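The structure appears below as structure tokens.
The values are calculated or read from the model by the stated rules, or taken from the named source; none is laboratory data. All of these numbers come straight from a predicted model, not from anything done at the bench. Note that each Cβ is placed from the backbone with ideal geometry, even for glycine, and that neighbours are counted across all protein chains shown. All accessible areas refer to the heavy atoms of the entire protein, side chains included, with ligands and DNA or RNA removed. Shrake-Rupley method; radii C 1.70, N 1.55, O 1.52, S 1.80 Å.
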Amino acid sequence: MVADEPVCPPQLLLRGWGAVLLSQCLSSVFSQIPDPELAPTDPPKKPDPVTSETVVFWGLRLWQVIGIFAMFVLAVVITLCCIFKCRIPRTKKEIEARHAQRQAAKKYANTLETVPPLNELTEIPGSTPEASAVQTVCEQVQTQSANNSQLSVARVSEEHSSSLTLPETG
């Protein structure tokens, strides 16, 4: 029965064990070789300082971009001033005219505060002052509200007295 089993020649067996040992050695050697991705690299380069000649975008330099933006803002301000007519007076004459206009408006407002009430101003000649006095709207409302309150008080007193004296039926 021993003769029926295939026998491996010793050279083949030796080559197999040699290949296994060689692959084991190579794997341990390759694991010790550092990975180039993990190797330390030079620190990143600092960015260039921003100057007026630095290209910002679309090939335009910083001073050109600032100039375009300033012109746009100036155009918007001029347009708004033209639309809303908020013009700054330029001459001494215009400044003095505006000052005089403000003073006249102040004087007019102060004069309106000193005007006497309407009933003092509207007197008809030849009549008694109380009979001819024109009632203001405020006075008319006050007299109407006084009349209405007197009527409502009278109604409440009538209802109160009628609820106290009930006729006896029996």
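Scanning the stretch 91-119 for residues that are under 30 Å from T136 (Cβ atoms) and either in contact (Cβ under 8 Å) with a residue 40 or more places away in the chain or in a helix (DSSP H, G or I) (or both) yields A104, A105, K106, K107, Y108, A109, N110, T111, L112, E113, L118, N119. Candidates P47, P43: the one that is outside any helix (DSSP H, G or I) and over 39 Å from the mean Cα position of the chain (by Cα) is P43.
Taking every residue in the stretch 63-86 that is free of Cβ contacts under 8 Å to residues at least 60 places away in the same chain and pairing it with any residue that is open to solvent by 60 Å² or more (accessible area, probe 1.4 Å) and not charged (D, E, K, R), at least 6 positions away or on another chain, the pairs with Cβ-Cβ distances below 7 Å are W63/S52; V65/V56. The set of residues in the stretch 16-36 that are assigned to a helix (DSSP H, G or I), open to solvent by less than 100 Å² (accessible area, probe 1.4 Å) and of a type outside the set (G, A, S) comprises V20, C25, L26, V29.
Let's see how each residue does on (1) modelled with pLDDT under 80; (2) of a type outside the set (A, V, I, L, M, F, W, C):
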position: W17; (1), (2): no, no
position: P34; (1), (2): yes, yes
position: K45; (1), (2): no, yes
position: V50; (1), (2): no, no
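With the structure loaded, tell me whether I83 is loosely packed, with under 10 Cβ neighbours inside 10 Å, out of contact with any helix residue (DSSP H, G or I) (no Cβ under 9 Å at 6 or more places or on another chain) and at pLDDT 80 or above or whether it fails that test. When the stated conditions are applied, I83 passes them.
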